[in-house]
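The values are calculated or read from the model by the stated rules, or taken from the named source; none is laboratory data. What you see is a predicted model, and the numbers here were worked out from it, not measured in a lab. As a convention, Cβ positions derive from the backbone with ideal geometry for all residues, glycine included, and neighbour counts pool all protein chains shown. Ligands, DNA and RNA are stripped out before the accessible areas are found, and what is left, the full protein with its side chains, is counted by its heavy atoms. Shrake-Rupley method; radii C 1.70, N 1.55, O 1.52, S 1.80 Å.
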Amino acid sequence: MHFELAPPAGVGPLQIGMTRQAANHALESLREPAEISASDRVGQHIFRPSGLMISIECTRDLLEAVELGRPSQPSDVVLFRGIDVFGLPARDVVSRMAEITTIVAAEDDAASFIAPDLLLSFWRPFQGDDDPEDEQGCFSNSVLLARPGYYDGPSRP
């Protein structure tokens, strides 16, 4: 399955600003009924058979962020404008993103990157040496898509 990141709107059926109930239903719709993971947590996250983790964060009963974790199998692909955010090395993703928007190293973690205008952030546990065999450092491990103002503090009524 292909998941297209569409900031600031959302990804697939998960749309930023939808109610918690609608977000829970949308998250549930992304599960593979024949292969439900014992790690799934209703209203929090699911794991697809590929290993792709999809997590939702709701505040005041509204969806404010969606996080996707890198799959271990290629059957699920996460894209942003044709860029395979988990299939390409993190440096390649950053280079291609820089052609579209501003993307910078996170202030507190040089291994991770933020596209502030899009409210997208890409995380990996440490800065790799461009060796694809070193998956933890070479590739992003997660991407977060958030609502405008997400990094400014708690939601306002």
key: Largest-first ordering by accessible area, 1.4 Å probe, given options C138, C58   = C58, C138
remark   = Using eta = 1.567 mPa s and T = 4 °C, Stokes-Einstein with Kirkwood Rh from Cα pairs puts D for the chain, in µm² s⁻¹, at 81 µm²/s
query = Which whole-number value in Å² is the accessible area per residue of the chain, probe 1.4 Å?
reply = 52 Å²
ask   = If you put +1 on each Lys and Arg Cβ and -1 on each Asp and Glu Cβ, how big is the dipole of region 1-149 around its Cα centre, in Debye rounded to 20?
value = 600 debye
Cβ-derived FRET efficiency at R0 30 Å, I36 paired with A98, nearest 0.05 = 0.20
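In percent, what relative contact order does region 1-123 have, based on Cα pairs under 8 Å that are 6 or more apart in sequence? Please report the intermediate quantities before stating the final value.
On the way: 194 pairs, mean separation 25.2, N = 123.
This gives 21 percent for region 1-123.
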key: At R0 = 30 Å, FRET efficiency that the Cβ-Cβ distance of Q44 and E4 yields, to 0.05   = 0.85
query = On alpha-carbon atoms, Rg over Rh for region 57-131 using Kirkwood Rh?
reply = 0.98
